[in-house]
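A quick write-up on the structure given underneath.
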Amino acid sequence: MSELRRRGGGRTESGAFLLGRREGQRRFFRAAVFYDDLDPNAYSSGVCILYADAFERLWGFCRAHGLQVLADVHTHLGDSFQSEADRRNPMVARPGHLALIVERFASDPVWRHRTGVYRYEGSHTWTNLSGWRARRILNTGTFA
Ligand SMILES: [Zn+2]
């Protein structure tokens, strides 16, 4: 969260891919790859935008470290609801992918139950798992 805050500088959104491993129903976080490390211009429009080159770097990193993309996370100036652009443009359009959104550019304090948690179901549909459910998901890595 502090890296998201720092990289956005209180002026732009910032984001990262959360990498790790899936074991059964659980997801274990290992490493974050920030969008601006994949593309220095990722935030230049004020919102997070990545092009094909950035994804090539991401997949290369995953291969090299034996990790999977578990989720992406990005900040919003305001609340943690998905924008129309967020809904229409999943960072990873794979069913089961999670998109997390952190309000107020991730400024302190960051509350898990106020973090947007959206699971991609395919065909541009999402399940909203935000609220107290988000807290449990982020604590335990499971949807149970
Ligand atoms: Zn957004």
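The values are calculated or read from the model by the stated rules, or taken from the named source; none is laboratory data. Given the structure is predicted, the values throughout are model-derived calculations rather than measurements. In this analysis, Cβ positions are derived from the backbone assuming ideal geometry, glycine residues included, and neighbour counts consider all displayed protein chains. Accessible surface is based on the protein model in full, side chains and every heavy atom, while ligands, DNA and RNA are left aside. Shrake-Rupley method; radii C 1.70, N 1.55, O 1.52, S 1.80 Å.
Looking at the chain, the accessible area is 55 square angstrom per residue; that uses a 1.4 Å probe and ignores ligands, DNA and RNA. Ignoring ligands, DNA and RNA, what percent of the accessible area of the range 2-140 is carbon or sulfur (1.4 Å)? Accessible surface attributable to carbon and sulfur in the range 2-140 totals 51 percent. How about the range 1-43: which trypsin sites (Lys or Arg not before Pro) there are in a DSSP loop, with at most 13 other Cβ atoms within 10 Å of their Cβ? Listed in order of number, the matching sites are R11. Restricting the calculation to Cα atoms, the range 2-140 yields a radius of gyration followed by a Dmax of 14.0, 39 Å.
Across the chain, C-alpha contacts under 8 Å between residues 6 or more apart give a mean separation that, scaled by the residue count, equals a relative contact order of 22 percent. For E121 and R6, a Förster radius of 41 Å and the Cβ-Cβ distance give a FRET efficiency of 0.80, rounded to the nearest 0.05.
The sum of -39500 (n - 2.57) across all DSSP H runs of n ≥ 4, divided by the residue count of the chain, sets its helix-only mean residue ellipticity at 222 nm to -7000 deg cm²/dmol.
The phi torsions of the range 27-40, fed into the Karplus equation with coefficients 6.51, -1.76 and 1.60 and a -60° offset, translate into couplings of 10, 10, 6, 10, 7, 10, 10, 7, 4, 6, 7, 7, 8, x Hz, rounded to whole numbers, with Gly and Pro shown as x.
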